[in-house]
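Trainee: If you scroll down you'll find the structure; I have some questions about it.
The values are calculated or read from the model by the stated rules, or taken from the named source; none is laboratory data. Computed from a predicted model, the values in this text were never measured in an experiment. Cβ coordinates were reconstructed from backbone atoms using ideal geometry, including for glycine residues, and neighbour counts include every protein chain displayed.
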Number of protein chains: 2
Amino acid sequence: MQNARLSAEYEKYKSSGKKLDMSRGKPSAEQLDNMTGLLTEISDIDGCFSENGIDCRNYGCLEGIPEAKRLFAGILGVREENVVVCGNSSLNIMFDLINNAYTFGIHGCEPWSRQGGIKFLCPAPGYDRHFAITKLFGAEMITVPMLADGPDMDLVRKYAADPCVKGIWCVPKYSNPTGVTYSDRVVREFASLKPAAKDFAVIWDNAYAVHDLTDTPDTLLSVLPLAEENGTADHFYLFTSTSKISWSGAGISCIAMSEKSKAEFLEIMKVKTIGFDKLAMLRHARLLCRSLGDVMRMHASVIRPKFELCYKYFERLAADIPGFVFSRPNGGYFINVNVPAGKAKQIVSLAEEAGLKLTPAGATFPYGKDPADSNIRIAPTYPTLPELEEALALFDICVRLACSEQ
Amino acid sequence: MQNARLSAEYEKYKSSGKKLDMSRGKPSAEQLDNMTGLLTEISDIDGCFSENGIDCRNYGCLEGIPEAKRLFAGILGVREENVVVCGNSSLNIMFDLINNAYTFGIHGCEPWSRQGGIKFLCPAPGYDRHFAITKLFGAEMITVPMLADGPDMDLVRKYAADPCVKGIWCVPKYSNPTGVTYSDRVVREFASLKPAAKDFAVIWDNAYAVHDLTDTPDTLLSVLPLAEENGTADHFYLFTSTSKISWSGAGISCIAMSEKSKAEFLEIMKVKTIGFDKLAMLRHARLLCRSLGDVMRMHASVIRPKFELCYKYFERLAADIPGFVFSRPNGGYFINVNVPAGKAKQIVSLAEEAGLKLTPAGATFPYGKDPADSNIRIAPTYPTLPELEEALALFDICVRLACSEQ
């Protein structure tokens, strides 16, 4: 297209007044509908008791009910006794963990707040909400480049030799936003990492553990058993949730740890709460213990066409625009796009002005600053297919407009 | 009874091997059954949307849905916009509030952790889980005696003149364990309190706001509107929950604050979570907005006979044992018993050895230390009536045994 024609097309979108949102990794209504069975999973008093006889309506059972622990142990590849089942937000528990280390200290060390000058490793592109937590606690964020099979482990080892470096954020499978799954080598290198700081925390946010989209899904080694072999297990905090399995606003989550780290975590947790919602645990455990595979296949059948529609547009852009590259992940919620350097912000704001909200450019880097101004996270799950097609057509125009300028 | 006969009776209980638990304020199965309608309150997709069209299954809506805000605003006597609806544990949110002040600072002040030497007022007898939170954060706990209509306000004012005193724990209605409801005078004096510390926090844990048991229920003035009139509203953090309305393990809770305090609270909360379980909010709001009064009358009809059974035993003890006194609250979950000085620990351990678990003696005081060793919290709600009768018969023997010794 000529520039004038592009501009005319762009103005047409802008003046249409339509609003589209692709800014966050949200399930679509169709996915949420897939889980309607949860609403009626427990419908009478007899249904309110866990397999070991706990009345899930009443107080108690700090670690969560056995069937929910088993569900998450299976997803994470850990033992049931490593798991503590929590509420609808794993992010909340990640925050709590960082807070514990900062305010009370972990592994017998001084609280981070008193040690001062603490640093945290942030593989990037990464997840903006992770970075927001470390920023709030005042940790200096150190960017570690994401390579094709995980973070640059040479750099991770180098930085971890500094006792001020207190941990690292990881999304080890179908990483947000790159879609990368950590290779066996990377997982083994994590498991054998010997950080200088005794209170080093690997936040292993396995949010997309079972979120395959293709017939050739990635596989991830379970890091906790490997870390146990290496005597490093206390450093690992594994998280997952049903936010993108059942309902983002009404699911359950968990944290899994070594025996020692769990005992330490529960010491604080027991002062804070008498336990999380056990009826939510019971509903989820019952439905998902019998049908997790089917549920994820249903979700994939909804999401996969959206990813493919993106690829159709992105292939044309990649063919026409040198420097436009994109990921084709085997699962997860995002497509990672890189546009020519210096163009990401401009593209995102062109889109926003015309009614399409994208993840802010830079959000995938610590401090919201993408040094190359080139990374854009595409979150195609929430819109319907027709909405997505409109969004992609507009995105296409914005990319071409921005890249046609010098 | 003679001492020998008492001892024989006691040994009979002890050798029976029965286990009874009156240690915590837990609803009974019968109360939980009263709320079975919650299980089927939402049974299809159309039912999942809030009154303003929010899909409660998905992410978003940090402050909670309007109907749940309205439910709690009504219970607390505040405006909807003051309310943030949270998860199944109000204790968790009290912890978070103290944590915010300690770790990040509130009202523009330095974090308590950096100020050092902070103190907190603890009306006693009071709630052990409150004291556990302040203890964990290392605040020095100052006991303020509970009088017949609330904490000793002369002392509260005196202590609050010290800028190191950072707040006070309050259970203003049917207080745990005394059953006292703060009089209008006390509430007004709270509302007009001018603490030296700008970051003074009144934790107003209104857990028993609608938990009347008699035909002459207590009434509590709403403190937040009065505090607004006095320009002190930013100090007040009001809490309530459905833990003892619906299900202790699967309810919803809230915090209510001034506009300014709320904005500050949400600044941290938004880093921590994308929002609490909105389907739980929707189920509760729908059922309770139409039937809260009926629900609480059903609960009262279950609980009241248990309180009356206690009174039957306690009246005999009071007649026989000088210094045995007990409360007859108009609502709430506890009966407050005072035994002759120096006897509480002995009575509780006699009971425990014979199979009856009571709240540990001293738990109702900061650091678990009742200076007079005389206060025992009786929590009669959880056992069935026959179980309660057995427990009271044993308690009676334990009191008489302990008090017969010199």
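Trainee: Look through A:243, A:253, A:248 and report the one residue that is under 22 Å from residue A:100 (Cα atoms), assigned by TED's automatic domain parsing to the domain that holds residue A:187 and touching a residue at least 12 places away in the same chain (Cβ under 8 Å).
Mentor: Answer to the selection: A:253.
Trainee: Would you mind finding the one in B:147, B:136 that is facing chain A (nearest Cβ under 10 Å), under 18 Å from residue B:366 (Cα atoms) and aliphatic (A, V, I, L, M)?
Mentor: B:136
Trainee: Let me ask you something else. Based on what the data block shows, is residue B:223 hydrophobic (A, V, I, L, M, F, W, C), buried (at least 24 other Cβ atoms within 10 Å of the Cβ) and touching a helix residue (DSSP H, G or I) at 6+ places or on another chain (Cβ under 6 Å)?
Mentor: For residue B:223, the condition - hydrophobic (A, V, I, L, M, F, W, C), buried (at least 24 other Cβ atoms within 10 Å of the Cβ) and touching a helix residue (DSSP H, G or I) at 6+ places or on another chain (Cβ under 6 Å) - is met.
Trainee: Please state which one of A:284, A:299 is within 30 Å of residue B:94 (Cβ to Cβ) and not in a loop (DSSP other than H, G, I, E, B).
Mentor: Only one candidate passes the filter, namely A:284.
Trainee: Those residues that are facing chain B (nearest Cβ under 9 Å) and either in contact with an Asp or Glu (Cβ under 8 Å, 6 or more places away or on another chain) or part of a loop (DSSP other than H, G, I, E, B) (or both), I need them from region A:33-46; list them, please.
Mentor: Those that are facing chain B (nearest Cβ under 9 Å) and either in contact with an Asp or Glu (Cβ under 8 Å, 6 or more places away or on another chain) or part of a loop (DSSP other than H, G, I, E, B) (or both): A:35, A:36, A:39, A:42, A:43, A:44, A:45.
Trainee: Evaluate the following for residue A:369: is it over 17 Å from residue A:392 (Cβ atoms), modelled with pLDDT of 95 or more and among the charged types (D, E, K, R)?
Mentor: Answer is yes for this residue.
Trainee: So, in region A:49-69, of the ones that are of a type in the set (A, V, I, L, M, F, W, C) and more than 8 Å from chain B (Cβ to nearest Cβ), which residue ends up farthest from residue B:45 (Cα to Cα)?
Mentor: For region A:49-69, the residue satisfying everything is A:62.
Trainee: For a quick check of your reading of the model, give me the residue pairs whose first member lies in region A:124-148 and is under 23 Å from residue A:111 (Cα atoms) and assigned by TED's automatic domain parsing to the domain that holds residue A:208, whose second is surrounded by 21 or more Cβ atoms within 10 Å (Cβ to Cβ) and of a type outside the set (A, V, I, L, M, F, W, C), with beta-carbon atoms closer than 6 Å and at least 6 apart or on different chains.
Mentor: These pairs meet every condition: A:131/A:366; A:137/A:102; A:141/A:134; A:141/A:366.
Trainee: Could you check how many residues of region A:312-336 are closer than 23 Å to residue A:219 by Cβ and of a type in the set (Ser, Thr, Tyr)?
Mentor: 2
Trainee: Same structure again: Which number in (1) outside any loop (DSSP other than H, G, I, E, B); (2) under 18 Å from residue B:206 (Cβ atoms) marks the one condition that residue B:64 misses?
Mentor: (1)
Trainee: Sort out which residues of region B:371-388 are touching a Pro at 6+ places or on another chain (Cβ under 9 Å), touching a residue at least 60 places away in the same chain (Cβ under 8 Å) and not β-branched (Val, Ile, Thr), and write them in order of number.
Mentor: Listed by number, the residues that qualify are B:375, B:377, B:379, B:382, B:385, B:388.
Trainee: Here's a follow-up. Just to be sure, is residue B:299 touching a residue at least 40 places away in the same chain (Cβ under 8 Å), closer than 24 Å to residue A:282 by Cβ and in the same structural domain as residue B:381 (by TED's automatic domain parsing)?
Mentor: Yes; evaluated as a whole, the condition is true for this residue.
Trainee: Can you tell me which of A:30, A:11, A:81 is part of a helix (DSSP H, G or I), surrounded by fewer than 16 Cβ atoms within 10 Å (Cβ to Cβ), within 14 Å of chain B (Cβ to nearest Cβ) and among the charged types (D, E, K, R)?
Mentor: A:30
Trainee: When you look at residue A:258, is it touching a residue at least 12 places away in the same chain (Cβ under 8 Å), surrounded by 15 or more Cβ atoms within 10 Å (Cβ to Cβ), among the hydroxyl-bearing types (Ser, Thr, Tyr) and within 14 Å of chain B (Cβ to nearest Cβ), yes or no?
Mentor: no
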